[in-house]
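Report on the following structure.
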Amino acid sequence: MIAELMSASDIAAAKALILRHDLSFEAGFDNMVGIYEQDELVAVGARAGNILKMLAVDSEYQGGSLLGEIVTMLVARAHAAGFDSLFVYTKPEYASSFQALNFRLLASQAKVALLEYGNGLKNWLAARSDLVKAGVNGAVVMNCNPFTLGHRYLVESAARAVDHLYLFVVREERSVFPFAVRLRLVQEGVHDIGNVIVLDTGNYLVSSATFPTYFLKKDDPVARIQMELDVTLFATRIAPFFGISRRFVGSEPLCRMTRAYNEKSRDPESEVAEVISASRVRELLAHADYAQLEKHVPASTLAYLMSDEAGPIRQQTKRS
């Protein structure tokens with residue numbers, strides 16, 4: 001019988017099943033469902049937002065319908081919560097099991113495969129078909145936390161090298177500056193560069209905030225795996241749709257993660273620009289050093305940083 005697992009004993013049984021399959025138990029999920037056979041939990045799965053994770057079926061019952069039953073119930077829970085498409089990260093050797101359940105493979109690398117249930121990527125691209133341009137096209141993917149003169153320099157340099165430059169702003173909400181603010185500051189900061197097209201990454205950035213690691217070994221390089229998967233997804237699914245042949249990156253001397261990501265993204269022919277670190281801008285903001293900030297950010301960003309609207313962000317940087 002399939003049911004939602006809510007009691008402490010159910011969760012304990014789920015954790016034991018997951019651990020028996022050489023997986024890790026990750027706290028933090030919206031739903032966990034399981035199937036009992038003769039009072040023993042033999043299959044389990046969980047949903048966190050639009051991510052399915054911790055899917056495990058007892059070895060005696062593998063190859064049957066239990067995985068499909070677990071996924072069907074989790075998909076129903078996700079749809080009720082307002083999610084049209086779902087993602088699952090799994091080992092590459094298990095990708096075919098999910099493809100048999102109508103998941104589509106989006107990207108894979110040596111350790112991880114990413115699959116999607118639903119037409120999310122197809123619909124996301126179709127909604128942006130009017131942005132597809134002919135010619136030599138390039139791309140920049142930026143977090144812009146916040147938009148600086150370094151970002152501006154990189155965009156200007158890249159825009160001069162191509163006919164059209166797609167500037168993707170990372171959509172996830174794990175930065176000091178909310179996505180809506182970051183997007184607005186980017187739009188204001190590049191509005192005068194005629195061949196730049198600003199858009200967001202949607203759900204199609206492999207986020208370190210949502211990337212599950214329950215099926216990886218403790219010594220696996222999680223950050224590198226996540227970055228490789230993200231770069232592969234961009235290069236094989238997004239870039240071909242927009243006709244992007246060049247991806248530009250900057251340098252980030254103060255943020256190790258950004259620097260590593262840029263190294264993974266870099267094409268040997270890419271232009272590389274020196275950037276003013278957004279980390280340094282946040283540090284100056286924390287000390288209310290507006291004289292120095294003026295040297296690091298465009299006028300539009302500076303106006304926002306000094307506004308009443310940015311008051312909570314100024315307090316947050318001080319606490320940090």
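Laboratory data are not the source of any read-out in this text; all were calculated from the coordinates shown. The structure displayed is predicted, hence computed values, not measured ones. Because the Cβ atoms are built from the backbone with ideal geometry, glycine has one as well, and the counts that use them run over all protein chains shown.
Taking the Cβ of VAL198 as the center, what net charge do the other residues with Cβ under 12 Å away carry, scoring Lys and Arg +1 and Asp and Glu -1?
+1
Rounded, prolate or oblate for the chain? Axes are the square roots of the Cα gyration tensor eigenvalues, ordered a ≥ b ≥ c, and the cut-off for rounded is a/c under 1.5.
Taking the square roots of the gyration eigenvalues as a ≥ b ≥ c, the chain is prolate.
Nearest 5 percent is fine: what portion of the DSSP beta bridges confined to the chain is antiparallel?
60 percent
So for the chain, averaging the separation of alpha carbon pairs under 8 Å that are six or more residues apart and normalising by length, what relative contact order in percent results?
After rounding, I find 15 percent.
Extending each Cα 7 Å along its Cβ direction at ASP289 and ASP84, get the distance between those two points in nm, one decimal.
Simple spin-label model gives 4.6 nm for this pair.
Of the lysine pairs in the chain, how many meet both conditions: Cα atoms under 29 Å apart, and a spacing of 8 or more in sequence or different chains?
For the chain, qualifying lysine pairs total 26.
Which one, LEU183, THR232, SER97, is farthest towards the positive end of the dipole of the chain when Lys and Arg carry +1 and Asp and Glu -1 on their Cβ?
After comparing all options, I get LEU183.
Divide by every residue of the chain the summed helix terms, -39500 (n - 2.57) for each DSSP H run of at least 4, and state the resulting mean residue ellipticity at 222 nm, rounded to the nearest 500 deg cm²/dmol.
That calculation yields -10500 deg cm²/dmol at 222 nm.
Of the listed peptides 225-231, 164-170, what is their order by residue-averaged count of other C-beta atoms within 10 Å, with the highest listed first?
Going by the mean number of other Cβ atoms within 10 Å, highest first, we get 164-170, 225-231.
Could you tally the net charge around GLY82, taking each other residue with its Cβ under 13 Å from the Cβ of GLY82, Lys/Arg +1 and Asp/Glu -1?
0
Write out the GluC sites (Glu not before Pro) in region 144-202 meeting two conditions: DSSP loop, and at most 14 other Cβ atoms within 10 Å of their Cβ.
Here the sparse-neighbourhood loop sites are GLU173.
Based on the Cβ-Cβ distance from TYR214 to GLN38, what FRET efficiency comes out when R0 is 41 Å, to the nearest 0.05?
It comes out at approximately 0.95.
Sort 240-250, 138-148, 306-316 by packing, meaning the average of other beta carbons within 10 Å per residue, with the highest value first.
Top to bottom by mean Cβ count within 10 Å: 138-148, 240-250, 306-316.
Please give me the summed charge of the neighbours of SER108: other residues whose Cβ is under 13 Å from its Cβ, Lys and Arg +1, Asp and Glu -1.
Once positives and negatives cancel, what remains is 0.
Which shape class, rounded, prolate or oblate, goes with region 281-320 when its Cα gyration tensor gives a ≥ b ≥ c as root eigenvalues, a/c under 1.5 marks rounded, and past that a/b bigger than b/c marks prolate?
Since a/c reaches 1.5 but b/c is at least a/b, the shape of region 281-320 is classed as oblate.
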